[in-house]
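Encoded as C-alpha cells, the structure appears first; notes follow it.
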Amino acid sequence: MPNQRNFNDIDVMDQQRHHLTPDRTSDSRPNRSATGITGLDTILGGGLTRDRLYLVEGTPGTGKTTFGLQFLLEGLAHGEAGLYITLSETAVELHAVAASHGWSLDGLSLYELIDDEDLNPDFQQSILHPSEVELGETVKSVMARVDELKPVRVIFDSLSEMRLLAHNPLRYRRQILALKRFFSTRKCTVLMLDDRTAEVGDLQLHSIAHGVISLEQLAQDFGTERRRLRVIKMRGISFTGGYHDFVLETGGMRVFPRLIAAEHFSEFEDGLSSTGVPALDTLMGGGLARGTNTLLSGPSGAGKTTTALRCTLAALQRGERAAYYLFDEGRGTLRSRALSLGMDISQYIEDGSLTLHQINPAEMSPGEFAATIRRAVENEGRTFAVIDSLNAYLQAMPGEKYLLLQMHELLTYLSQQGVTTLLVLGQHGLVGEIRSDVDLSYLSDSILMFRFFEAHGDIATAISVVKSRTNHHMRTIHEFRLSPRSGLQVGEALQDFEGIMSGLPTYRGKTPVLKHDAS
C-alpha cells in the first residue's frame, strides 16, 4: 500500500522520539567548526556551522576521503571526538590514505558497516527483499554506534551504498531525513560523502543538507589533472562563490580561494621609481609609477626580459624586495644572462631580497599561481613583481576570456597593494605583421613596445612607449641595444626613419644609430 511504512522505518523514527534531548547541552563551544583545510575556512568565512549535516559530493578520485579525514583530525586537535562511518572503504584502506599524508588516525573511531558476517551467505535471509531489512538495520547500527561513542564530528562514507539499499527514492530520502534529525539531537557536525552515482539532475540531497560542497577533477590533454571546489549552498553564512582551485598533496588538501581584488586594499605612497636607465626613465616620463603595471611587448629576442631584469635590479638596489616568476626560462639561464650583461643578481638571491620562481604551467593551476603571488606580497613583503611571460601563463588557462578575468583581478590586487608589476608578452613574427596570442593592452597602465627593423645592413631594435596612464611620456621611437658593459642603451629619437613599426622602414635623414658595444 502507498502509505504503509516499512517496519524498519518505524523502528528508526520511534527510536528518535525517545532521544530528543541532546547528550551535550554545553553552549560554550564556538558556533563554527574549522575544517582544517587550508583556504576552505577562508571561503566559508570561518568554517562550518556546528551541529548541522553537510553534503560533500564528487566523483571518485576528487579527494572526498582526504577531505573527511582532514575534517576529523582538525576536530581531534581541538579535543573533539570523531567517528568515520564507512560502507565503501575498509579500515585498512583508510589507514593507508592517512599514512600517505603522514597522518595517524589514533584517537579517531572507525566503524565499518560491512563485516565478514554480512558477506557470509549463511547469515542472509531470502523471505523479504534484502533492502527491506538491510537499510533499516544499517541506520539503526549507525545510531547505536553514535550513542555509544558520542562523537562531535562524523563522516558518513558513502551515500551511494545507502541509495542502493533504499531501493527507491522515497525510502532513501526518508532515511536521510531520519539520520539528519538524529544527528541534530546528538549535537554532531556531519559530513555525508556522495560519489554522484545518482541520476543526473537528482537534487534530493541538496535540499536536505544544510550545506553542499562540490569537488571536481578535470583531465587535461597534457600535464596533471586540475581539481576545483565550489560551495553550492551554505545556509545562514556568507561564503565566497564560484570555483576555487585546490590540490591534493602530501599533508592533505589545500584550497586556493578565488582572488577578489576588491577585498584587498593597502595604503601606500605614490611615486616614481627609476628603471636603472636614465634614458629609459625620460622616455617613460620619469620611470615606473608605484602600484601600476607595465606591459613589455615585442617579438622574441628584442630585449624584453633583459629590460625587466634591469628594472628589477634597480628596485633591489633601492632596497625593495622583488619576486620574479619564470614561465619560459630556467633560473640558471636567467642568472647567466644577467651576469653577461653586467647585472649580477646573485647577492640579492642569497640574501632573500629576490626570489626566482620557476613556474610549470602544466602543473600549476591559475588559482595556485595567484595564491603564490599573494603569499609573496602579504607574507614576504615583495613590492616589485615580474611575470615572464604571459604566453606560457595563457597555456595554464582554459581560455582567453578566463585569462583576461584572472589577470584583471590579479593586476588590480597588485595595484591596490602598491606593487610595481612588469608583464612580459611575446609576440609572433620578427618583422612585418606582429600579433599576440591575447590582447592585454587595455589592462595595462603602461605599454613598452619593442620592434625589430633593418638599418644599414644591421638588424636593430626600436623601443617606444605607446601608453601611460600616469606619466606624460614621450611618443618618439628610439633605438634600443643590449650592451655587455652598460646593460641597456637607448639612443636618440629616430626622427628620420619612417615605417619602423612595420619592420620595413625608410631612411630619410642623418640620424645616427647606436654602435655595437664590443666591450
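Values for this structure:
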{"item": "Residue ID - surrounded by the fewest Cβ atoms within 10 Å (Cβ to Cβ), chosen from residues in the stretch 47-86 that are touching a residue at least 40 places away in the same chain (Cβ under 8 Å) and small (Gly, Ala, Ser)", "result": "ALA77"}
{"item": "Meets criteria (modelled with pLDDT of 85 or more, closer than 27 Å to LYS140 by Cβ and either touching a His at 6+ places or on another chain (Cβ under 9 Å) or assigned to a helix (DSSP H, G or I) (or both)) for VAL56", "result": "no"}
{"item": "Failed criterion for GLU433 (all others in (1) among the acidic types (Asp, Glu); (2) at pLDDT 85 or above; (3) in a loop (DSSP other than H, G, I, E, B) hold)", "result": "(2)"}
{"item": "Condition met for SER273 (touching a strand residue (DSSP E or B) at 6+ places or on another chain (Cβ under 6 Å), of a type in the set (Ser, Thr, Tyr), under 30 Å from THR306 (Cβ atoms) and modelled with pLDDT of 95 or more)", "result": "yes"}
{"item": "The stretch 338-369, residues that are small (Gly, Ala, Ser) and open to solvent by 40 Å² or more (accessible area, probe 1.4 Å)", "result": "SER340, GLY342"}
{"item": "Residue count, the stretch 157-191 (criterion: at pLDDT 95 or above and of a type in the set (A, V, I, L, M))", "result": "2"}
{"item": "Cβ pairs under 6 Å, 6+ apart, first in the stretch 144-164 and buried (at least 24 other Cβ atoms within 10 Å of the Cβ), second of a type in the set (Gly, Ala, Ser)", "result": "PRO151/ALA81; PRO151/GLY82; ARG153/GLY75; ARG153/GLY82; ILE155/GLY68; ASP157/SER88; SER158/SER88"}
{"item": "Hits in the stretch 443-459 (condition: modelled with pLDDT under 85 and assigned to a helix (DSSP H, G or I))", "result": "none"}
{"item": "Of residues in the stretch 248-297 being part of a strand (DSSP E or B) and either in contact with an Asp or Glu (Cβ under 6 Å, 6 or more places away or on another chain) or free of Cβ contacts under 8 Å to residues at least 12 places away in the same chain (or both), the one most open to solvent (accessible area, probe 1.4 Å)", "result": "GLU249"}
{"item": "Residue satisfying all of: in the stretch 87-104; modelled with pLDDT under 95, of a type outside the set (S, T, N, Q) and in a loop (DSSP other than H, G, I, E, B); most open to solvent (accessible area, probe 1.4 Å) among these", "result": "GLU89"}
{"item": "Where GLY319 falls short, out of the listed (1) outside any helix (DSSP H, G or I); (2) at pLDDT 95 or above; (3) open to solvent by less than 30 Å² (accessible area, probe 1.4 Å)", "result": "(3)"}
{"item": "Within the stretch 441-475, tally of residues that are of a type in the set (Gly, Ala, Ser), on the phi < 0 side of the Ramachandran plot and open to solvent by 20 Å² or more (accessible area, probe 1.4 Å)", "result": "2"}
{"item": "Within the stretch 203-247, considering residues that are over 19 Å from the mean Cα position of the chain (by Cα) and without any contact (Cβ under 8 Å) to a residue 24 or more places away in the chain, the one surrounded by the most Cβ atoms within 10 Å (Cβ to Cβ)", "result": "LEU203"}
{"item": "Qualifying residue in the stretch 183-199 (condition: of a type in the set (Asp, Glu), under 29 Å from SER141 (Cβ atoms) and either open to solvent by 40 Å² or more (accessible area, probe 1.4 Å) or assigned to a helix (DSSP H, G or I) (or both))", "result": "yes"}
{"item": "Qualifying position, being among the charged types (D, E, K, R) and surrounded by 14 or more Cβ atoms within 10 Å (Cβ to Cβ), among ARG335, ARG331", "result": "ARG335"}
{"item": "Qualifying residue in the stretch 405-421 (condition: open to solvent by 30 Å² or more (accessible area, probe 1.4 Å), out of contact with any Gly (no Cβ under 8 Å at 6 or more places or on another chain) and more than 19 Å from LEU295 (Cβ to Cβ))", "result": "no"}
{"item": "Residue among LEU440, LEU425 that alone is modelled with pLDDT of 75 or more and within 17 Å of SER300 (Cα to Cα)", "result": "LEU425"}
{"item": "Residue tally, condition open to solvent by less than 10 Å² (accessible area, probe 1.4 Å), at pLDDT 95 or above and assigned to a helix (DSSP H, G or I), over the stretch 370-388", "result": "2"}
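Listed here are the residues, each with its yes/no results for (1) over 20 Å from MET407 (Cβ atoms); (2) not polar (S, T, N, Q).
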position: LEU283; (1), (2): yes, yes
position: LEU295; (1), (2): no, yes
position: ALA314; (1), (2): yes, yes
position: PHE327; (1), (2): no, yes
position: GLY332; (1), (2): yes, yes
position: SER340; (1), (2): yes, no
position: ASP344; (1), (2): yes, yes
position: TYR348; (1), (2): yes, yes
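The values are calculated or read from the model by the stated rules, or taken from the named source; none is laboratory data. This one's a predicted model, so the numbers in the text were calculated from it and none came from an experiment. Neighbour counts run over all protein chains shown; Cβ positions are idealised from the backbone, glycine included. When the accessible area is computed, the model is the full protein with side chains, heavy atoms only, and any ligands, DNA or RNA have been set aside. Shrake-Rupley method; radii C 1.70, N 1.55, O 1.52, S 1.80 Å.
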